[in-house]
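The values are calculated or read from the model by the stated rules, or taken from the named source; none is laboratory data. Not measured: the values here are computed from a predicted model. FYI the Cβ positions are ideal-geometry reconstructions off the backbone, even for glycines, and counts take in every protein chain you see. These area figures cover heavy atoms from the full protein model, side chains too; ligands, DNA and RNA do not enter into them. Shrake-Rupley method; radii C 1.70, N 1.55, O 1.52, S 1.80 Å.
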Amino acid sequence: MRVVSGIQPTGNLHLGNYLGAIRNWVKMQDQGECLFFLADLHAISQPHVPAELTANTREMAAALIACGIDTDKSVLFNQTQVPAHSQMQWLLNGTARMGWLNRMTQWKDKAGKNREGASVALFTYPVLQAADVLLYQATHVPVGEDQKQHLELARDIAQKFNNDFGNGEAIFTLPEPIIPPEAARIMSLRDGTAKMSKSDPSDMSRINLTDDADTIMQKIRKAKTDPEPLPSEKDGLAGRPEAENLVGIYAALEGSNVDKVLAQFGGQGFGTFKPALGELMVSSLAPIAERFNALRQDVAAIDAALRKGATKAGALAAPTLDRTYAAMGLLR
Ligand code: TYM
């Protein structure tokens, strides 16, 4: 089992990242060989401030370690320090089709109406993501639901490349997405139909892993809900996206499921449920925030950890990169 996943170092780690992906990364460290990276090359697909990208890359590394990524067990690095990612992307650009990329919902969402003005990097972003995982022969990729389509594209690219250049052999392994059942898609606290996201202008829409207890309690208290009490059965959440989201978050934090949470809180109003959710969240996140605040100060240690990870990742990537160049007939 070879586990590979990444996160963009833009802004803070939020509850969606944590429950949708990072918690699974931490668990999977004991199940296989893991590589986790800061997708700093992906972050340049949108306008960015250079000094902030540097700082965010270090902060995100510290946040991942605070969440439980162990740099002795897993390979933790940033893409930029492993040039094989960019090299592999270029090679796969020959295989990926314009039509496939045009269908990516994240491209459509992020480019919006201004496709002509979007960066080329935003369009080819999923090819870099395919390179990230195919480079390491990843078998499992723990992600939230929003990355599923990008992973399907990686499989399509791998399959076409194997057919076109494999000479009967598989150059690339087809990766499987690993998506958590209870937290595949954590929604905004202000709008149950929009994903919780770093790019939402309202900080009240998300829980950051660095929020203190008072901020968390306040954000939950102000979270949008409806006037009805919670139902006793899952079906009763239909058409109530905000209620469904909060119950899902509770279940994910508690490590249970929606049925169990509704068995406990069914019939009760948000006046009872919200404080219980806030307290569960504070007790789950406080130890992470504490570790993060201690780690983020030590820039030298973070840089050393990332260098160590990049050296290991580069060595693991080399054989597949060599084989890919060779399969395409590129003289090196
Ligand atoms: P990014 O940085 O947007 O998010 C990192 C991880 O967090 C998950 N996630 C969520 N899960 C549930 N609910 C949410 N509201 C939520 N928001 C984010 C994401 O699904 C993701 O798993 N393109 C990727 C980074 C990437 C990558 C890769 C991932 C680059 N190369 C290779 C896997 C494999 C991204 O922008 O994730």
Angstrom value of the Kirkwood radius, inverse mean 1/r, which spans all Cα pairs in segment 1-134: 15.8
For segment 13-59, alpha-carbon Rg and Dmax in angstrom: 13.1, 38
Enclosed volume per residue, in Å³, of the convex hull spanned by Cα atoms of the chain: 145
Filter on LYS27/LYS274; LYS224/LYS274; LYS234/LYS274 - keep pairs with C-alpha separation over 20 Å: LYS27/LYS274
Protection proxy ranking, peptides 190-199, 206-215, average beta carbon neighbours within 10 Å, highest first: 206-215, 190-199
Cut-off 18 Å (backbone N to label point 7 Å along Cα→Cβ of ALA51), residues of segment 274-317: 299
With eigenvalues of the C-alpha gyration tensor scaled by 5 and rooted, segment 284-330, Å: 38, 13, 6
Of GLY314, GLN297, GLY269, farthest towards positive along the dipole that unit charges on Lys, Arg, Asp, Glu beta carbons give the chain: GLY314
Rounded to whole Å, sorted largest first: equivalent-ellipsoid semi-axes of segment 146-284, Cα gyration tensor: 38, 17, 13
Among VAL133, VAL141, VAL26: highest mean-square fluctuation, GNM of the chain, C-alpha pairs under 10 Å: VAL26
Translational D in µm²/s for segment 203-294 (Stokes-Einstein at 4 °C, 1.567 mPa s, Kirkwood Rh from C-alpha pairs): 95
Cα point-scatterer Debye curve for segment 72-148, base-10 log of I(q)/I(0) at q = 0.11, 0.16, 0.26 Å⁻¹: -0.33, -0.69, -1.36
Relative contact order %, the chain, counting alpha carbon pairs below 8 Å whose residues are six or more apart: 23
Segments 245-255, 229-239 sorted - mean Cβ within 10 Å per residue, highest first: 245-255, 229-239
Average accessible surface area per residue within the chain, 1.4 Å rolling probe, Å²: 45
Per-q log10 I(q)/I(0), segment 76-209, q = 0.20 Å⁻¹ (Debye; single scatterer per alpha-carbon; no solvent): -1.28
Accessible carbon and sulfur surface of segment 203-294 relative to its total accessible area, %, 1.4 Å: 49
